[in-house]
Each structure stands twice: as structure tokens, then as C-alpha cells.
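Some notes on the structure that comes next.
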Amino acid sequence: MPFKFDVYDRSVYREPAPLDRDDPFRSMMERFDIAAEILELNPGFYEYLCRPTRTHITSIPVVMDTGHIKVFEGYRVIHNNVLGPSKGGIRYAPDVSMNEVKALAAWMTWKCAVVDVPFGGAKGGVVCNPREMSPGELERLTRRYTADLIDVFGPDKDIPAPDMNTNEQIMAWILDTYSMHSRRTENAVVTGKPVGLGGSKGRQEATGRGVMTVTLAAMDRLDLTPDDCTVAVQGFGNVGSIAAQLLQESGCTVVAVSDVTGGYYREDGLDIAAMRTYVQNHDGTLDGYDQAESLTNEELLTLDCDILVPAAKEDQIDAEIARNIDARIIVEGANGPTMPDADDILNEKGVLVIPDILANAGGVTVSYFEWVQDRQGYFWTEESVRDRLEQMMRTAFERVYETAEEHDVSLRIGAYVMGIRKVAEALRIRGIYA
Ligand code: NAD
């Protein structure tokens, strides 16, 4: 296709880059600092572990359907690879920033260490609005981003996965582009790909299933039974809708859910299966669903219920909301939904918060299973995936719980202590290469 241009878009270099609205990296570091002090982490290790090992920024030219060239900014951050190849999703969003990608990459390092999978942490992002792009434009963007990072990615080096606004199809394009360059099919270079290309059974539901497993484990610890528990879930996408469905199947009453269109409440329990079907038939949202009362986002978060599952996005629970939260257990399906100043309030109130780096680690755990199956060339049954996932999530929950008790800290700090200790110990044994 011939290239076209009308005018130079000088704003790309004249306008200063927008400032980050929030600071997820600082939010990660505030927790890191507390754990580092508990561990009396060597100051040199501290400095090394709070910095990403490598950051990549790439300008991705894409020929749009109009024939014009548009240049997108892409990131890949390898936070750490001391425990193994780095692992982490790729996010396509108009507001994705290097700061956010750095924080998410670090969270992946601690998350992999907490659930004991032999990976380091990474994350990628491309500043774009996929809703305004055609499938062809998205394919060209994905393939060029992959080609730009061809020396970074690899089954033994760095393994991407889906994240916000990226999916199985995008993983398939990454697999294909990488394979074309390496002259052989390398299906272990990405996870979260279609089952027909070496994806794992059970990957799609893995994060929601992990959320359910740790929620039931927490209930056991607090002597609660699912039949007596009410649940509210913020976010009705992959994580939230599956967690809601599985918790309901476990006996809980899911009284409220929300998505970007608002909250939906029913005192005697919502019909989650019907709501999931509704979403599939209505452009991915609950807009117009009329079998429930409506709620605001804040009302959902502060609802009188036993279990609250924030499964939408970052920074949803601030100090003010935390003060009004009524739930006994919060299970962080999303990454970073609770702001650092809300943590202390929730602790003082005795709310048990199962932190993101534990609660939503089911996704990376089954990604690990997928990578193992690809490398073995031998694929497991869905039942086997579920059993192993449940076992790993239960074990991780109990270990985090015990670490938190040992140091008399929250589960969040317990999880950071566990993750950082594991990576620091590997670093100590490996030594610093000179
Ligand atoms: P998704 O895009 O499938 O769903 C997000 C949901 O949140 C949608 O229903 C959307 O309408 C809703 N939402 C957005 N803004 C909202 C708001 N302000 N109030 C209420 N609802 C809102 O995304 P997902 O894959 O389910 O991921 C959700 C979160 O879980 C993200 O933080 C993601 O990083 C994290 N996570 C996902 C996975 C995974 O395997 N999908 C794994 C680990 C962590």
C-alpha cells in the first residue's frame, strides 16, 4: 500500500509528554520499602531490586487503513529475571505510561515468586486506542511491535501474555511474527494463545478461578462458610465475571456486580450466568440489564457484604472509601485496586485483604502451565490444569498467611516479604556478575 501524508504532526515532539495522573510505581515501592525493612535487605540488593533490569521504548510506525502512517509508542520493561525468563502481559490503552508499565512489571516479579513459578517479571504496553482501530491496523501494530522487540522476546528470555485490550488473537500474531523471524514455530514464546496453537485448557478462566480458591481459603481461616457469605464484585470482565460465577457455584450469594456502565444489585442474589450471557450479547457490557436495582460504583464498594472483589482497575479504594467499607474480606482480582493510604485503615478495621500479587496470580500460574506444556509438546486435561492450579494457589495462600503471622503484618506485606525474600535469596546465591 502506498504511503500518504498530508501535514507533519509536529505535536508529537513539540508537546511535552503528559504527566502521569497517578503513580503506581510509587504505590508499589511504598509496600516494597516496608517489606525490605522487615527483611533487612542489603542496601545494594534494595537498589537493584527496585530498578527494572531493562526498559525498552520503541516507536512503532503503522500504515493505517487510510494509507497514512501513524507512529505509536510501545514499551517493554523487564523488571527482573533472576528466577527465570521474564513473564508479563502487554496492555494496549490510550493512557498507558512507562511508570505504569514499570510498576506492573515489578508486581509480576513478586507475583511469580509468591506462587513459586520459575519466572521473573515483565510488562509491555502500547499507547493506542484499540477501539478506534481496525483488525488490520491492530495486526500491523502488533507485528511491528513484536519485530522491534524480537531480540527481547523468546521462550527462554521474555514471554508476553494478554493484558488489558489484548487477547488470544493478538498473542497468535506475536507467535507468528516471532516464528517467522526464527524460522520455526515457537509456540512457547507467548501464553494466553488459542488452544489450537498450543494454548492451555483452563487459561481463560484461570485468574477468576484463582480468586475463588483464595477466597475459599480465607473463609476457612475466618470460619466462614460460603452458604452464609454475600459477595460484591467490581468489574464484570474476564476476572470479575468468572470469579462471580465460581463463587456463586461454591455456595456464596453474589448480591452486586458492576462494570463501566454502573452497578447492579439484588438482595437475594443475581443470576450471574444470565448476566454473562447478557454481556456476550450486548457489546461486552451490562448496559440496559433490568433484572436488578442500580447502584453507584461507590455504593458497590461500600456495600454491606462479606466479600468484596475489586476486579476492574487500579486505585479504586482510597482512604475515604476504605473508611466506609463493610466487607470482612477483600480479594484483589485487579492489579493495584487499593491505594497505599487505604491499607492502614483497612488493617485497623480488621478487614482481611488478599493482595493482588497473590489473589490474581492464577493467570500467571496457568500461563506457566501453558509454557511447560508447549515445551513438553504434551497437553494436559482441563481437570488436571484445575487441580494443579488449586493446589498451587492454596499453598501460596497458606504460605503468605503464615509469613504475615510470623511478622505480625498484613497479608499484603507478608506477600511482599515472601516474594522479595525469594528473589533476593536467588540473587545472593547467584552473586553479582562482574
Ligand atoms: P476486562 O477488560 O475483561 O474487564 C474489566 C471490567 O472492569 C469490565 O467489565 C469493565 O466494564 C469494568 N470496569 C472498568 N472500569 C470500571 C469502573 N470504573 N467501575 C466498575 N467497573 C469498571 O479485564 P480483566 O482481564 O478482567 O482484568 C481486570 C483487572 O484484573 C485488571 O486490573 C487486570 O490487570 C487484572 N488482571 C487480569 C488478569 C487476567 O488474566 N485477565 C490477570 C491478573 C490480573
Towards the positive end of the charge dipole of the stretch 52-184, with charges on Cβ (+1 Lys, Arg; -1 Asp, Glu), say which of Cys128, Trp107, Ser182 has the farthest Cα.
Ser182
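Taking the square root of 5 times each eigenvalue of the Cα gyration tensor, what semi-axes in Å does the equivalent ellipsoid of the stretch 335-410 have, largest first? Could you put the intermediate results ahead of the total?
On the way: eigenvalues 205, 36, 17 Å².
For the stretch 335-410, the semi-axes come out at 32, 13, 9 Å.
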Over the C-alpha atoms of the stretch 280-345, what are the Rg and the largest Cα-to-Cα span, Dmax, in Å?
13.3, 41
Ranked on Cβ counts within 10 Å of their own Cβ, fewest leading, Met29, Met275 go Met29, Met275
Return the Rg/Rh ratio of the stretch 12-146 with Cα-based radii and a Kirkwood Rh.
1.05
Packing-based order for 248-261, 112-125, 131-144, using average beta carbon neighbours within 10 Å, highest first:
112-125, 248-261, 131-144
Can you pull the three principal axis extents for the Cα set of the stretch 391-433, in Å, largest first?
35, 25, 13
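Going by C-beta contacts inside 10 Å, put Thr230, Thr338 in order with the fewest on the left.
Details: Thr230 18, Thr338 26.
Least to most surrounded, the residues fall as Thr230, Thr338.
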Spread of Cα-to-Cα distances over 10 Å intervals beginning at zero, given as percent, for the chain
4, 22, 31, 27, 13, 3, 0
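Could you work out [θ]222 nm for the chain from helices alone, using -39500 (n - 2.57) per DSSP H run of at least four and dividing by all its residues? Round to the nearest 500 deg cm²/dmol.
On the way: 16 runs with 198 residues, N = 434.
Dividing the helical sum by the residues of the chain leaves -14500 deg cm²/dmol.
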Peptides ranked, highest mean first, by Cβ atoms within 10 Å: ranges 281-294, 204-217
204-217, 281-294
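Considering just Cα atoms, how many Å³ per residue does the convex hull of the stretch 202-274 enclose?
Values: hull volume 6.1 nm³, N = 73.
Looking at the stretch 202-274, the number lands at 83 Å³ per residue.
Would you mind computing the Rg to Rh ratio of the stretch 206-354 from its alpha-carbon coordinates, Kirkwood style for Rh?
On the way: Rg = 14.0 Å, Rh = 14.9 Å.
A ratio of 0.94.
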Could you point to the residue in Thr302, Pro355, Leu216 farthest towards the positive end of the chain's charge dipole, with +1 and -1 charges on the Cβ of Lys/Arg and Asp/Glu respectively?
Pro355
Pick from Gly336, Gly362, Gly196 the residue whose mean-square fluctuation is largest in a GNM of the chain, springs joining Cα atoms under 10 Å.
Gly196
If one puts a single equal scatterer on every Cα of the stretch 273-408 and applies the Debye formula without solvent, what log₁₀ I(q)/I(0) results at q = 0.19, 0.20 Å⁻¹?
-1.17, -1.21
Among Trp380, Trp371, Trp110, whose mean-square fluctuation peaks in a Gaussian network model of the chain (Cα, cutoff 10 Å)?
Trp380
Sort out for me the Cα centre separation of the stretch 124-140 from the stretch 300-353, rounded to whole Å.
33
Cα-centred dipole magnitude for the chain, charges only on beta-carbon of K, R (+1) and D, E (-1), debye, nearest 20
2340
With bins 10 Å wide starting at 0, give me the P(r) of the stretch 163-284 over every alpha carbon pair, in whole percents.
12, 34, 27, 18, 7, 1
With no solvent and one equal point scatterer placed on each C-alpha of the stretch 150-201, evaluate the Debye formula and give log10 I(q)/I(0) for q = 0.20, 0.22, 0.24 Å⁻¹, two decimals.
-0.60, -0.73, -0.87
Starting from one equal scatterer on each C-alpha and no solvent at all, send me the Debye-based log10 I(q)/I(0) for the stretch 320-373 at q = 0.13, 0.28 Å⁻¹, two decimals.
-0.39, -1.10
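Let me check against my output: what whole-number percent is the relative contact order of the chain, with C-alpha pairs under 8 Å and at least 6 apart?
16
No value in this document is a laboratory result; all are computed from the given coordinates. Keep in mind it's a predicted model, so treat the numbers as computed, not measured. Counting neighbours? That spans all protein chains shown, and the Cβs are built from the backbone with ideal geometry, glycine included.
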